[in-house]
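One structure is given here, and the rest of the page talks about it.
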Amino acid sequence: MVAPNKEFALAGGLDELKAKGRLVVHGRHRPILVIYDRGRVFALDNRCPHMGFPLERGSVEDGILTCHWHHARFDLASGCTFDLWADDVPTCLVEIRNDEVWVKTTFGHTDPAAHWCHRLADGLAHDLGLVIAKAVHGQLAARVPPHDIVRQVALFGVHNRDGWGVGLTILTALANLLPALPVEEVYLALFHGARRVAEDCDGETPRRERAALASQPDPAALKRWLRRWTNVRHREAAERTLLTAIAAGGSPAVLTDTLLTAETERAFADTGHSLDFINKAFECLDLIGWEHGATLLPTVVGQMVAARGAEESTAWRQPVDLVALCQNTANQLPELLATGRGTHRWSDHPALAQELLGDDPARILDAIKTAIRTGAAPADLGRSLAYGAALRVARFGNANEHGDWEAAHHVFTYANAVHQMLKRIETANTDGRVTGVRGVLHGAMALYLTRYLNVPPARIPGDGGEQLEDLPADAEAIRAALLDAFDRQRQVDLAARLVARHLGLGHSPQALIATLAHAVLREDAGFHAYQMLEAGVRQFTGWGNTSEGRHILIAVTRYLAAHSPTERAALQTADIARRLMLGGELHREAEAP
Ligand code: FES
């Protein structure tokens, strides 16, 4: 069947093509390269799929087209590449009509969503940033919901690495932030999440599945067993126990209780990362669907059982045995919680946070006990801990070494994870609450140990009621100045003042958060920057535009400003992919005066 002429463009006469060997068809569509080779005619996108170099300048030999920029090679007939990093070049239909060469000017796929889903799988499998970027862009253009893309990437990540890792944490953190992002940033967020999962899986041993037990032990026994296997570092046993709890239909609250109890057998394990990863796995399931629980949740067990607890660290044992103090307090928790239950609605979160920043560990734990006795629920304690940890970051003194930012960061993101998990088990039984609170005690001691970071403390702008009138007043001007500050090194204090100015004038916190997200997404951000942003936004959401909320966003901003700018190489890849997908002639644009 002959297609309608309007879909085709005349490339030229067949004799002319035979004489010249190649022709390029320009128009409102992408430039199309038409090649005559050994009696056959082929038509391809003239822009190299790698970086847009005109393929008309390439060479053809033995049915292979070689781009003359980075020498990627393509099968002329199919457009498939021999060099995976370059991606396949799209081809289009050719018709010879009365010795004229006509080419179809569209490159569409019959099922774009399925095509780009397949390409994403390829990009992830071979860790190809450009292919990943195009596949994410292509799926979004085909109106695939962002959470479906998150699901594809998450499931790739859990199957192709023996354990939860940094990549899946970044993916989940960014997926959590999607509702706060403008549409144009969603592509970038998904690209970063996917590329980091691919990096994380590259060269790794794929995961081997384990099976649940054939029996049906009661949830209390499973919880005890998971503690036991964690203590003796028996991974296989721990995974089978957890799988059995999942197979028994344990609710997210019960599973959180079970895992949090096992995790807090050790204090602040792996500087908080182990608990943070567990929390992120739960959040990932919220995003992609709990039907994937048995596939995804056991991936956190390997790190949990192997993690190094703070009790193995000298700083936690001397000069004060903080582990013994925590244990002593934990022993009192059942009685304290029973006393506090049924008392008035407790709301002294900021005051408790200030107490947690003290310099006497026994008094800090006493403050927690008093809070429980007077009605603070476990999630209230988590909220105070997270706010106290944010204040530690917000007051981080500039005299500290740069690497010390990570000590402040670890406590904050751990505290946020404890808070989120305690909120999740609010409906669990009393026993679960007791064991979960150990995470707060450990977090409080980790916060205590970082007190040196605030000596002397940095001043938090806006706390003295100052108007910061040397800064712009217009909302967009403030946000532009903030991005400008992130463009330069060591602008920690200026960035904090701009955030205080923005919030102090009552400008939109959502717009400010979108700007902070943009500042992170344009960088080759480190793992901690994503964690910091997401934890900060989550904590801010709980407080709103209050003094506490301002402190939290200032903490996030100061951390991000201390780690900006970077080379922005990933942004360049994302931009190349976006322009290629939108039909731009990159090379011609680059050559334009
Ligand atoms: S190989 Fe063609 S632009 Fe790089």
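The values are calculated or read from the model by the stated rules, or taken from the named source; none is laboratory data. The structure displayed is predicted, hence computed values, not measured ones. Cβ: placed from backbone, ideal geometry, glycine included. Neighbour counts: every protein chain shown. Only protein heavy atoms, including side chains, enter the accessible area calculation; ligands, DNA and RNA are left aside. Shrake-Rupley method; radii C 1.70, N 1.55, O 1.52, S 1.80 Å.
Would you rank Trp543, Trp69, Trp164 by solvent-accessible area, highest first, keeping every protein chain in place and using a 1.4 Å probe?
Values: Trp543 35, Trp69 130, Trp164 10 Å².
The residues order as Trp69, Trp543, Trp164, largest area first.
State whether region 1-73 is rounded, prolate or oblate according to the following rule on the C-alpha gyration tensor (a ≥ b ≥ c being the square roots of its eigenvalues): a/c under 1.5 gives rounded; otherwise a/b larger than b/c gives prolate, and the remaining case gives oblate.
oblate
Given the options His192, His402, Leu297, identify the residue whose Cα lies farthest towards the positive end of the charge dipole of the chain (+1 on Cβ of Lys, Arg; -1 on Cβ of Asp, Glu).
Final value for the positive-end residue is Leu297.
Would you please classify the overall shape of region 271-390 from the alpha carbon gyration tensor, given that a ≥ b ≥ c denote the square roots of the eigenvalues, rounded means a/c under 1.5, and beyond that prolate means a/b larger than b/c while oblate covers the rest?
On the way: a/c = 2.09, a/b = 1.33, b/c = 1.57.
It is oblate, given that a/c is not under 1.5 and a/b is not larger than b/c.
From the backbone phi of region 21-29, what are the Karplus-calculated ³J(HN,Hα) couplings (6.51 cos²θ - 1.76 cosθ + 1.60, θ = phi - 60°) in whole Hz, Gly and Pro given as x?
Once rounded to whole Hz, the list reads x, 7, 9, 10, 9, 9, x, 6, 8.
Ignoring everything except DSSP H segments at least 4 long, calculate the 222 nm mean residue ellipticity for the chain; use -39,500 (n - 2.57) per segment, divide by total residues, nearest 500.
Using -39500 (n - 2.57) per qualifying helix, the result is -18000 deg cm²/dmol.
Once you charge only the Cβ atoms, +1 for Lys and Arg and -1 for Asp and Glu, what is the size of the charge dipole of the chain about its Cα centre, to the nearest 20 debye?
960
Using only the Cα atoms of region 118-168, build the gyration tensor, take square roots of its eigenvalues as a ≥ b ≥ c, and label the shape rounded, prolate or oblate: rounded if a/c is under 1.5, else prolate if a/b is larger than b/c, else oblate.
In terms of gyration-tensor shape, oblate.
How large is log10 of I(q)/I(0) for region 87-207 at q = 0.09 Å⁻¹ when the intensity is taken from the Debye formula with one equal scatterer per alpha-carbon?
-0.30
Which percent of the Cα-Cα distances in region 187-260 go past 19 Å?
For region 187-260, the fraction of Cα-Cα distances above 19 Å is 49 percent.
Return the whole-Å distance between the Cα centroid of region 297-366 and the Cα centroid of region 152-212.
Using only Cα atoms to place each centre, the spacing works out to 31 Å.
So how tilted is helix 547-562 from the main axis of the chain? Cα-based, degrees 0 to 90, rounded to 10.
50
For Leu449, Leu582, Leu296, give me the order by solvent-accessible area with a 1.4 Å probe, most accessible first, ignoring ligands, DNA and RNA.
Leu582, Leu449, Leu296
Note the full-extension length gain between Thr343 and His70 as 0.36 nm times their separation in residues minus their Cα-Cα distance, in nm to one decimal.
Using 0.36 nm per residue and subtracting the Cα-Cα distance, I get 91.2 nm.
Have a look at Gly375, Leu533, Leu178 and report the one farthest towards the positive end of the charge dipole of the chain, computed about the Cα centre with Cβ charges (Lys/Arg +1, Asp/Glu -1).
Gly375
What number of lysine-lysine pairs in the chain show an alpha-carbon separation below 21 angstrom, given a sequence spacing of 8 or more or placement on distinct chains?
7
Using a 1.4 angstrom probe and counting only protein chains, how large is the accessible area of Lys18 in Å², to 10?
Its heavy atoms expose roughly 100 Å² to the probe.
Order Met581, Met445, most accessible first, counting only protein heavy atoms with a 1.4 angstrom probe. Show your work: numbers first, answer last.
Working: Met581 45, Met445 0 Å².
Ranked from most to least accessible, the order is Met581, Met445.
Roughly speaking, what is the stretch gain from Asp111 to Ser215, that is 0.36 nm per residue apart minus the C-alpha to C-alpha distance, in nm to one decimal?
32.9 nm
Need one value: the accessible area of Glu355 in square angstrom, 1.4 angstrom probe, rounded to the nearest 10.
100
Starting at the first residue of region 219-231, write each ³J(HN,Hα) from the Karplus equation 6.51 cos²θ - 1.76 cosθ + 1.60 with θ = phi - 60°, in whole Hz, x for Gly and Pro.
Calculated HN-Hα couplings, in order: x, 5, 5, 4, 5, 4, 5, 5, 4, 4, 5, 5, 4 Hz.
Extension gain Ala248-Asn231, at 0.36 nm per residue separation less the Cα-Cα distance, in nm?
Stretched out fully, the Ala248 to Asn231 stretch lengthens by 3.8 nm.
To the nearest 20 debye, what charge dipole does region 346-393 have about its Cα centre, counting +1 at the Cβ of each Lys and Arg and -1 at the Cβ of each Asp and Glu?
Magnitude of the dipole: close to 120 debye.
How many Å² of accessible area per residue for region 91-211, probe 1.4 Å? Could the numbers behind the result be given before it?
Details: 4990 Å² over 121 residues.
Using a 1.4 Å probe on heavy atoms only, each residue of region 91-211 averages 41 Å².
Filter the GluC sites (Glu not before Pro) in region 363-467 down to the DSSP loop ones having no more than 11 other Cβ atoms within 10 Å, then list what survives.
Of the GluC sites (Glu not before Pro), the ones in loops of region 363-467 whose Cβ has at most 11 other Cβ atoms within 10 Å are Glu401.
Kirkwood hydrodynamic radius of the chain from all distinct Cα pairs, in Å?
One decimal place: 26.5 Å for the Kirkwood radius.
Region 445-503 to region 73-93: how many Å between their Cα centroids?
Cα centroid of region 445-503 versus Cα centroid of region 73-93: 50 Å apart.
Counting residues in region 1-144 as N, plug N into 2.2 N^0.38 Å and put the Cα Rg over that result.
Cα-based Rg divided by the globular estimate yields 1.07.
Considering Cα pairs under 8 angstrom that are at least six residues apart, work out the relative contact order of the chain and quote it in whole percent.
Values: 977 pairs, mean separation 75.6, N = 593.
For the chain, the relative contact order is 13 percent.
Tell me which residues come under 5 Å, amide H to amide H, from Gly584 once H is placed; ignore anything under 5 positions away on its chain.
Distant-sequence amide H within range of Gly584: zero hits.
Could you compute the FRET efficiency for Leu483 and Lys6, with r as their C-beta to C-beta distance and R0 at 60 Å, rounded to 0.05?
With a Förster radius of 60 Å, E is 0.85.
Helix 509-521: angle to the longest alpha-carbon principal axis of the chain, degrees 0 to 90, nearest 10?
With rounding to tens, the tilt is 60 degrees.
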